[in-house]
Amino acid sequence: MNVSNFEPNWQIEKIEWAILPGKRARHAGFNARKGEHGIDVPLHLARVTIAGYEGCGWSRITKQSAQELVGKKARDMFNERGTVREEFRGIEFPLFDWIGRVQGKPVNSLISAGSSAQQKVACYDTSLYLDDLHLSDDLAAVEFMKTEALEGMNRGHANFKLKVGRGARHMPLMKGTERDIAIIRGIREAAGPYGKIMIDANNGYNLNLTKHVLQETADVKLYWVEEAFHEDEEFYKDLKAWMQKAGINVLIADGEGLAAPTLVQWAKEGIIDVVQHDVLAPGFSHWLELGPELDAAHVKSAPHSYGTPYGNYALSHLASAIKGFQFVEWDQIEVEGMDASGYRIEDGFVHVPSEPGFGLNFDDAYVSKRVQESGWTTGL
Ligand SMILES: [Mg+2]
């Protein structure tokens, strides 16, 4: 990324912040731990003005922190590696969008480190929650979840992640586990033989339950098991050794939320296969630094993204900076005032627009209205 052509007098002139309402394509139910995830998913948005150009993106910065950034020089925002410097990370998405607009380039081409930016990135439908809990009959539950997978296929998806761990809290232990297994089989049937299928237990299994489920679904050929239980070196080593003996080859994915500080080290040692730190926090610059480190250690990267509309687009660009990038975790959400029509999903891939910045177009007047109704402005 070339910041040498920044004028010395370019500075942060204004930061505006607003909440834009957003709605999922379908209501999301329980996971193994928590209750309803619902349908309303707002976008927390900052609009930053520098040298007359605006950059927009996800941000949870407070007005007080924003006030401290106003007047800071644009030259000081990025470091030599092309990542946003620590003190500016609260607005890193608007800054990447801004620099893309100034240079007339999409973010993926700014961060692709020599190789060409990817126009097409593999993605999966992350919307298959424990949405069947109202049904007492397992067969009906399987059919219900299959229709959700079909809805995803109609939206262009080929790969799916489904929540499991029904027996952790919401159903009796073995009854819930057997239903998990039946639904995994049903989703494979719906997706056909080629789509990749992942399961996510949100730490609702233990080691023995994980082995039981993987044994019973061996012919489904799951791609990864995510957060089977709270990450534990001993349990994961045992699971790996057991899989090897059983001839089961399912990747171990972990690291979203409050990840163990030693998780990256375990991944480098081969105990975990896929690292899933969140794309918004610790964030995009964090991933631009971590991704190449994981590449060098032959560890796969699948940044977590859920509960915000922005991750879909941030991940579609981030993929170009990381060789071992696996998928965009896609949660279909429509946001008022945000035009994301440059993005398209087809046959399990996101087609990434080549427009400047993140390729999202915001309705300026609507954002200004929402700044007044739900947010704040600070500037010179
Ligand atoms: Mg997860």
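Cβ crowding within 10 Å, taken as a proxy for footprinting-reagent exposure, orders Trp58, Trp10 from fewest neighbours to most as Trp10, Trp58.
Here Leu173 and Gln67 are evaluated by their C-beta separation; at R0 = 51 Å the FRET efficiency comes out at 0.45.
Taken about its Cα centre, region 174-298 carries a charge dipole of about 580 debye when Lys and Arg each add +1 at the Cβ and Asp and Glu each add -1 at the Cβ. A dipole drawn for the chain from +1 and -1 charges on Cβ atoms has a positive end, and of Pro353, Leu173, Gly90 the residue lying farthest that way is Pro353.
Only bridges with both residues in the chain count here: give the DSSP antiparallel percent, nearest 5.
On the way: 34 of 56 bridges.
Percentage antiparallel, nearest 5: 60.
If you average 1/r over all unlike Cα pairs in region 120-361 and invert the result, what Kirkwood radius do you get in angstrom? Don't skip to the answer; put the middle values down first.
Values: mean 1/r = 0.0545 Å⁻¹.
Every distinct Cα pair counted, the radius reaches 18.3 Å.
Counting only the backbone N, which residues of region 263-286 are under 16 Å from the spot 7 Å out from the Cα of Gln244 toward its beta-carbon? Label zone hits: 267-273. Just checking the listed ones, Gly247, Gly348, Gly307: in the Gaussian network model of the chain with Cα springs under 10 Å, the one fluctuating most is Gly247. Annotation note: GluC sites (Glu not before Pro) in region 201-303 located in DSSP loop regions with a Cβ neighbour count of at most 16 within 10 Å are Glu269. Close amide H partners of Lys120, meaning residues 5 or more places away or on another chain with modelled amide H under 5 Å apart, are Val352.
Readers should treat all values here as calculations from the given coordinates under stated rules, not as data from a laboratory. Keep in mind it's a predicted model, so treat the numbers as computed, not measured. Every residue, glycine as well, gets a Cβ built from its backbone with ideal geometry; the counts of neighbours run over all protein chains shown.
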